[in-house]
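Taken together, the values in this text are just the output of simple stated rules run on the coordinates, not laboratory data. Since this is a predicted model, take the numbers as computed values, not measurements.
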Amino acid sequence: MESVEPVEFLAFVRSLDSLRDWRADPYTDAPRSGRGPLFLRCGDGWLLPLEIERWCATAASADNTAPARCRGPVLDIGCGPGRLVTALAALGRPALGIDVSQEAVDRTVRGGGAALCRSVFDPLPSEGRWGTVLLVDGNTGIGGDAAALPARTAELVGPDGVAIVEAAALDVDERVDVRVVDGRGTRGTAFPWARVGIRALSAYSESTGWTAAGPWQAEDRWFLELRRRRTSLRTMCFVLRPTSIRGGQGCGRGWTTGRLHRCRTTSRTSSWCSGVPSRTSTSSRACAPARP
């Protein structure tokens, strides 16, 4: 029998504890019953109502402004009971929802949508190939880091991908530890959450590879469309991992990027040039990706 490293075992135990904590959360029953009340409660007593009834209903008119702007296959992050996934499926649009609540995923599937019980920070299907990611119903708060989430979503979409994001109605930028409570004394474990308005959301997105295409309002809700910022071919050289290649002149030899580059030092096409000029070259002679 293989031995288990203590660190790996402790990580496994912590993951089980986290799963048990989530199963005991008051939110667990909400996707099944379709009813609240539920709130996010901060340590200072601040309460944010969770709109369980709206999430469990069919997509409303404000909701439909988001799918109308989607392109290609859609990934709904934090899909909840799946009203947008099922609405897209009814239109014949390929869509997948992800949520950390198995009950929410089950309700989505029962409604005719496709969903997986995953976190957005887990490995996901078709990373780098989604046409659109959706972040609505306050899901910009996931993870409590308003910069990490847009950076992660940028990894999920293709070069022409977009993100349809719902911002807080107020001009806020805050990170807090919250618990789900039901107003009757039951409360879940604490977890980090964020609230960001249009201005802060635009700033975080611009710093993580997105371009804000402009906000819009639907009823009392605010949305923002983000588009992937194209990177110049002359700067798309990334160092990923060392190789056994040795010798010869080139810019940054000994590293591989997994894509072809044309080295301006040697005028040769290779798959191991890192984009870093060699000692014998100048910065003006750095490599650029080879055009197909």
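Close amide H contacts of residue 210 (hydrogens built in the peptide plane, cut-off under 5 Å, sequence separation of 5 or more or a different chain): 229.
Equivalent-ellipsoid semi-axes (√(5λ), Cα gyration tensor) for the stretch 113-155, whole Å, largest first?
Numbers: eigenvalues 57, 33, 23 Å².
Equivalent ellipsoid of the stretch 113-155: 17, 13, 11 Å, largest first.
Taking only the C-alpha atoms of the stretch 42-86, the Rg (one decimal) and the largest Cα-Cα distance, Dmax (whole number), read 13.5, 43 Å. D by Stokes-Einstein for the stretch 22-118, Kirkwood Rh over Cα pairs, 10 °C, 1.306 mPa s: 114 µm²/s.
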